[in-house]
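J.: Before I ask anything, let me first share the structure, which is written out below as structure tokens.
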Amino acid sequence: MAAKGNNEVKQSLAELTRIYKPKDPAKFVKTFMRKYRVSGGYEEELTSLVRMELSKINC
């Protein structure tokens, strides 16, 4: 992810997380990365972002 695109990817993923409320964050991130062609190496960071968004929703 480039510096500019990094924030856009995170915002898009957070928005999709709020919409779909996935049961399995890791699988959701893998699908997102494959579909939107996000380069590897960011999977853990994005998975933690999804988990954080889900915890915000559930509170």
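J.: Report, ordered by the first and then the second residue, all pairs with beta carbons closer than 6 Å, sequence separation of six or more or different chains, a first member in segment 38-59 that is within 15 Å of Phe28 (Cβ to Cβ) and at pLDDT 90 or above, and a second member that is part of a loop (DSSP other than H, G, I, E, B) and not charged (D, E, K, R).
T.: Listed pairs, sorted by first residue: Tyr42/Met1.
One line per residue, one yes/no per condition, for (1) on the phi > 0 side of the Ramachandran plot; (2) in a helix (DSSP H, G or I); (3) surrounded by 12 or more Cβ atoms within 10 Å (Cβ to Cβ):
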| site | (1), (2), (3) |
| --- | --- |
| Glu8 | no, yes, no |
| Pro22 | no, no, yes |
| Val29 | no, yes, yes |
| Arg37 | yes, no, no |
| Leu46 | no, yes, yes |
| Arg51 | no, yes, yes |
| Ser55 | no, yes, no |
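J.: Applying the selection to segment 8-28, what residues are closer than 18 Å to Gly40 by Cα, hydrophobic (A, V, I, L, M, F, W, C) and over 8 Å from the mean Cα position of the chain (by Cα)?
T.: Across segment 8-28, the qualifying residue is only Ala26.
The values are calculated or read from the model by the stated rules, or taken from the named source; none is laboratory data. Keep in mind that this is a model prediction, so the values were computed, not measured. With ideal geometry, Cβ positions are generated from the backbone for all residues, glycine too; neighbour counts draw on all protein chains shown.
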